[in-house]
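Notes to accompany the following structure.
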Amino acid sequence: MKKLLTLSLIFLMWACSSSPSIQQYYVEKSQDPSFLVMDIPTSILGIDQATLNDEEREALASFQKFNILLFRKTDENQNQFDNELDTVRGILDNKTFDPLLVLSDPEYSGKLVLQGSLDRPDEIIFFGSSIQGFIVARLIGRKMQVDKAMLLAGVLQREGAMERAAKHLGQMF
């Protein structure tokens with residue numbers, strides 16, 4: 001009985017001490033009025049399927065949606081912005097995430113990270129921040145592969161899809 005109690009106590013301490021996951025962070029912030037949480041189907045990106053080759057169509061089809069978490073900074077939530085930005089960076093800098101791409105510009109920064117293996121990632125996450133706020137976007141799909149995510153990123157850039165999505169999202173604020 002003592003061994004069972006000791007093992008239970010060790011497990012409880014381990015569970016409480018582990019760092020939060022990005023999914024836990026999403027759930028916690030879904031009720032916070034400073035955040036906007038939404039699921040966006042890839043169809044909103046407005047990519048013309050006729051312009052894609054077979055490999056690009058397959059890559060697009062392997063991702064069903066983006067799970068988006070947005071924080072828009074205001075004068076009233078400046079302190080919260082700084083704290084939330086540090087929290088998200090702390091989660092994504094955890095050793096469980098491997099960086100794939102890092103962007104740095106005087107106006108914004110961003111990174112693409114994955115959790116899991118390159119062959120079968122558990123999560124692919126884009127994090128971007130600027131002086132106006134930040135975004136965390138999780139790619140959700142079936143049989144995700146990093147090479148398909150990179151191919152999809154190229155298609156999104158070429159087709160101007162992220163600009164269209166940002167315009168749609170901007171109209172929602």
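General observations
- Screening the stretch 37-61 for residues that are of a type in the set (S, T, N, Q) and surrounded by fewer than 18 Cβ atoms within 10 Å (Cβ to Cβ) and picking the one that is modelled with the highest pLDDT gives Asn53.
- Taken over the stretch 131-149, the criterion of being over 18 Å from Ser43 (Cα atoms) and in contact with a Gly (Cβ under 9 Å, 6 or more places away or on another chain) is satisfied by Phe134, Ile135, Val136.
- Selection of first residues in the stretch 144-157 that are in contact (Cβ under 8 Å) with a residue 60 or more places away in the chain and of second residues that are part of a helix (DSSP H, G or I) and among the acidic types (Asp, Glu), restricted to Cβ pairs under 7 Å at least 6 apart or on distinct chains, gives the following pairs, ordered by first then second residue: Leu151/Glu55; Leu151/Glu56; Val155/Glu56.
- Against the test of being out of contact with any Phe, Trp or Tyr (no Cβ under 6 Å at 6 or more places or on another chain) and assigned to a loop (DSSP other than H, G, I, E, B), the options Asn94, Asn79 yield a single qualifying residue, Asn94.
Condition check ((1) within 24 Å of Leu156 (Cβ to Cβ); (2) in contact with a helix residue (DSSP H, G or I) (Cβ under 6 Å, 6 or more places away or on another chain); (3) of a type outside the set (A, V, I, L, M, F, W, C); (4) surrounded by fewer than 17 Cβ atoms within 10 Å (Cβ to Cβ)) across all residues:
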| site | (1), (2), (3), (4) |
| --- | --- |
| Asn67 | yes, no, yes, no |
| Lys73 | no, yes, yes, no |
| Glu76 | no, no, yes, yes |
| Asn83 | no, no, yes, yes |
| Thr87 | no, no, yes, yes |
| Gly90 | no, no, yes, yes |
| Lys95 | no, no, yes, yes |
| Asp98 | yes, no, yes, yes |
| Val102 | yes, no, no, yes |
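- The residue of the stretch 43-71 that is farthest from the chain's Cα centre (by Cα), among those that are aliphatic (A, V, I, L, M) and outside any strand (DSSP E or B), is Ala50.
- Any chance Asp93 is acidic (Asp, Glu) and under 17 Å from Tyr25 (Cβ atoms): yes
- Residues that are surrounded by 18 or more Cβ atoms within 10 Å (Cβ to Cβ) and either among the acidic types (Asp, Glu) or within 9 Å of the chain's Cα centre (by Cα) (or both), drawn from the stretch 139-153: Leu139
- Within the stretch 121-136, the residues that satisfy the criterion of being crowded, with 19+ Cβ neighbours inside 10 Å and farther than 17 Å from Thr96 by Cα are Ser129, Gly133, Phe134, Ile135.
- Failed item in (1) at pLDDT below 85; (2) surrounded by 10 or more Cβ atoms within 10 Å (Cβ to Cβ); (3) farther than 23 Å from Ser62 by Cβ; (4) small (Gly, Ala, Ser), with Ser34 passing the rest: (1)
- Residue within the stretch 112-120 that is small (Gly, Ala, Ser) and either surrounded by 12 or more Cβ atoms within 10 Å (Cβ to Cβ) or modelled with pLDDT of 85 or more (or both) present: yes
The values are calculated or read from the model by the stated rules, or taken from the named source; none is laboratory data. Quantities reported herein were computed from a predicted structural model and do not represent experimental measurements. Note that we place each Cβ from the backbone using ideal geometry, even for glycine, and neighbour counts take in every protein chain shown.
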